[in-house]
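One structure is given here, and the rest of the page talks about it.
The values are calculated or read from the model by the stated rules, or taken from the named source; none is laboratory data. A quick note: this is a predicted structure, and the numbers were derived from the prediction, not measured. All Cβ positions, even for glycine, are placed from backbone atoms using ideal geometry, and neighbour counts span all protein chains on display.
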Amino acid sequence: MSEISPGLWGILLHGVWVTVQLTVFSAALGAAVAFAVGLARTHRLRIVRIVSGAYFELFRGTSALVLMIWVFFVVPLTLGWQLVPMWAAVLTLGCTYGAYGSEVVRGAVAAVPQGQREAGVALGFTPAQRLRKIVLPQAWPEMVPPFNNLLIELLKGTALVSVLGVGDITFGAQLVRNATGRSAPVYSVVLVMYFVLAFLLTRAMRLVERRAKAGVGRGPSPEPAAAAQSGPDRRRDAAPSASAPGGAS
Amino acid sequence: MNWNWSTLDDFLPAFGHGLLVTLQALVLGTLIAFALGLVWALAQRSPLRAVRWPVTAVTEFIRNTPLLVQLFFFFYVLPEWGLTLSAMATGVIGLGLHYSTYTAEVYRAGIDGVPVGQWEAATALSLPRSRTWTAVVLPQALRRVAPALGNYVIAMLKDSPMLMTIGVLEMLGQARQYGSRTFHMNEPIVAVGIAFILVAYPASLLLRALERRLAR
């Protein structure tokens, strides 16, 4: 570890800042896309459902790296305008993970009991009011745990931008490796950095989850009992979740 | 947009090679992920804390760090430790190891889902531990989680282009190599992107059908 001089640590720490920025911006775009597409997929008009479903299948089917390289190398050549690498990366990550997120939104909205919506109709709520005051507040606590998983995947996905030359942690690691000529220290440090970021994200999302559940008058989730019986935490149980096929990458 | 079909014709042989390498990496990576995942899942149920705890820590660590960095780690650090593997072998091991931590969770959920009565029945029949696992628990658990495992195969397919970064000439690697040689980037990349959809979409439809069948 002593091979990494203070200047090289500076490169890595700047990389952490870039990674955090990428994660925050992509998550914001992704959340917007997820809600827009997820709600569109429950729309009563068939054509809206088909278009949003096609968006979902398109972005879920392709590899994020292929998409990123296409946006970065091909779009400037064919359309004549070029995005700043950072924003090209945010655009692709946001659209890709937004597509995965739309499945979460769709599932959570569909899980709100039909009677709740009918009660809204009976009380004379407009469709927008029903969505904002009845459906989303109840669906939101269900969305938080899967969104946490997606956020971790997004954080890991940001490493791809180093291929485009954006100076994130992974890119910084390559620079440091070239400077020191040793790989083991820098890559160990970088892996730990990602792990710490993921850990902080998970902690933050736990807080969000607790607040969301308190907001609809539910306890902090019945999970502790289940978790106690099977040892380590179960937040990533993949099999029973109805998440999309291939939605994990 | 300048789209040239003859470029695509020209790219086709390289694309074929790339597709083959992608599928090879996928199959080998899947085998590692499925086998190693089961090892993790069983180790996490071990009665020994000294086994359970390190395995949980290691799998959590691998799952929460990017595959790309892990690939670089294996590719650059293993030779420093005196173990030199080909790029392809490194990539397959990295892919398999990363996804084994996901399949471990799937297996665990499946094993947890086997009703307690099945375990008790096995005890009542005084089946040995090995028979309990191979004849009673695992067949039921695996059947339940087959679709979820399939989802991770598709996810691995979509992560396989990362092997390009350590010099494996899979589909995306071939497309980039062709692009830097001929300066035609658009057609190869679009072809590769469509190839991914063409493989992933029918596969996910198949899995959904499987899920419905097994759910009955």
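To keep it simple, each residue is scored yes or no on (1) at pLDDT 90 or above; (2) within 26 Å of B:Tyr102 (Cα to Cα); (3) among the aromatic types (Phe, Trp, Tyr); (4) in a helix (DSSP H, G or I).
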{"position": "A:Pro185", "(1), (2), (3), (4)": "no, no, no, yes"}
{"position": "A:Ser188", "(1), (2), (3), (4)": "yes, yes, no, yes"}
{"position": "A:Leu191", "(1), (2), (3), (4)": "yes, yes, no, yes"}
{"position": "A:Phe199", "(1), (2), (3), (4)": "yes, yes, yes, yes"}
{"position": "A:Leu207", "(1), (2), (3), (4)": "yes, yes, no, yes"}
{"position": "A:Arg218", "(1), (2), (3), (4)": "no, no, no, no"}
{"position": "A:Ser221", "(1), (2), (3), (4)": "no, yes, no, no"}
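Please work out if B:Arg208 is farther than 23 Å from B:Gly91 by Cβ, assigned to a helix (DSSP H, G or I) and either of a type in the set (Val, Ile, Thr) or more than 8 Å from chain A (Cβ to nearest Cβ) (or both).
It is false that B:Arg208 is farther than 23 Å from B:Gly91 by Cβ, assigned to a helix (DSSP H, G or I) and either of a type in the set (Val, Ile, Thr) or more than 8 Å from chain A (Cβ to nearest Cβ) (or both).
Residues are listed down the side, and each one gets a yes or a no for (1) closer than 16 Å to A:Met205 by Cβ; (2) surrounded by fewer than 17 Cβ atoms within 10 Å (Cβ to Cβ); (3) without any contact (Cβ under 8 Å) to a residue 12 or more places away in the chain:
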site: A:Gly124; (1), (2), (3): no, yes, yes
site: A:Gln129; (1), (2), (3): no, yes, yes
site: A:Pro137; (1), (2), (3): no, yes, no
site: A:Pro141; (1), (2), (3): yes, no, no
site: A:Pro145; (1), (2), (3): yes, no, no
site: A:Leu150; (1), (2), (3): yes, no, no
site: A:Glu153; (1), (2), (3): yes, no, no
site: A:Gly157; (1), (2), (3): no, no, no
site: A:Leu160; (1), (2), (3): no, no, no
For A:Trp81, work out the one condition from (1) assigned to a helix (DSSP H, G or I); (2) aromatic (Phe, Trp, Tyr); (3) more than 12 Å from chain B (Cβ to nearest Cβ) it doesn't fulfil. (1)
Residues satisfying the stated conditions in the range B:154-175, i.e. within 20 Å of A:Tyr97 (Cβ to Cβ) and more than 7 Å from chain A (Cβ to nearest Cβ): B:Met156, B:Leu157, B:Ser160
Condition first: within 11 Å of chain B (Cβ to nearest Cβ), touching a helix residue (DSSP H, G or I) at 6+ places or on another chain (Cβ under 7 Å) and not in a helix (DSSP H, G or I). Now tell me which residues in the range A:131-181 satisfy that. A:Asp168
For B:Val192, all conditions in the list (1) surrounded by 22 or more Cβ atoms within 10 Å (Cβ to Cβ); (2) over 18 Å from the mean Cα position of the chain (by Cα); (3) of a type in the set (A, V, I, L, M); (4) closer than 28 Å to B:Gly37 by Cα hold save one; what is the number of the exception? (4)
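Where in the range B:102-197 are there helices (runs of 4 or more DSSP H), lying fully within it, with 2 or more residues that are over 30 Å from B:Gly16 (Cα atoms)?
On the way: elements: B:116-124, B:138-159, B:171-182.
Counting at least 2 such residues, we get B:116-124, B:138-159.
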Look through A:Leu191, A:Leu197, A:Leu175, A:Leu164 and report the one residue that is under 25 Å from A:Val90 (Cα atoms), hydrophobic (A, V, I, L, M, F, W, C) and under 19 Å from the mean Cα position of the chain (by Cα). A:Leu197
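A quick yes/no check of all residues on (1) touching a residue at least 60 places away in the same chain (Cβ under 8 Å); (2) β-branched (Val, Ile, Thr):
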site	(1), (2)
B:Pro147	yes, no
B:Tyr152	yes, no
B:Tyr178	yes, no
B:Ile189	no, yes
B:Tyr201	no, no
B:Leu207	yes, no
B:Arg212	no, no
Where A:Ala99 falls short, out of the listed (1) part of a helix (DSSP H, G or I); (2) under 29 Å from B:Leu172 (Cβ atoms); (3) free of Cβ contacts under 8 Å to residues at least 40 places away in the same chain: (3)
Given the residues A:Arg41, A:Arg60, which is the only one that is of a type in the set (D, E, K, R), buried (at least 16 other Cβ atoms within 10 Å of the Cβ), touching a Ser or Thr at 6+ places or on another chain (Cβ under 8 Å) and closer than 15 Å to A:Glu153 by Cβ? A:Arg60
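Working only within the range B:92-109, note down all residues that are hydrophobic (A, V, I, L, M, F, W, C), closer than 13 Å to B:Trp40 by Cα and surrounded by fewer than 24 Cβ atoms within 10 Å (Cβ to Cβ).
The first filter runs over the range B:92-109 and keeps only residues hydrophobic (A, V, I, L, M, F, W, C), leaving B:92-93, B:95, B:97, B:104, B:106, B:109.
If we keep only those that are closer than 13 Å to B:Trp40 by Cα too, we end up with B:97, B:104, B:106, B:109.
Within the range B:92-109, B:Leu97, B:Ala109 meet the criteria.
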Hits in the range B:165-188 - residues which are of a type in the set (Ser, Thr, Tyr) and touching a Ser or Thr at 6+ places or on another chain (Cβ under 8 Å): B:Thr182
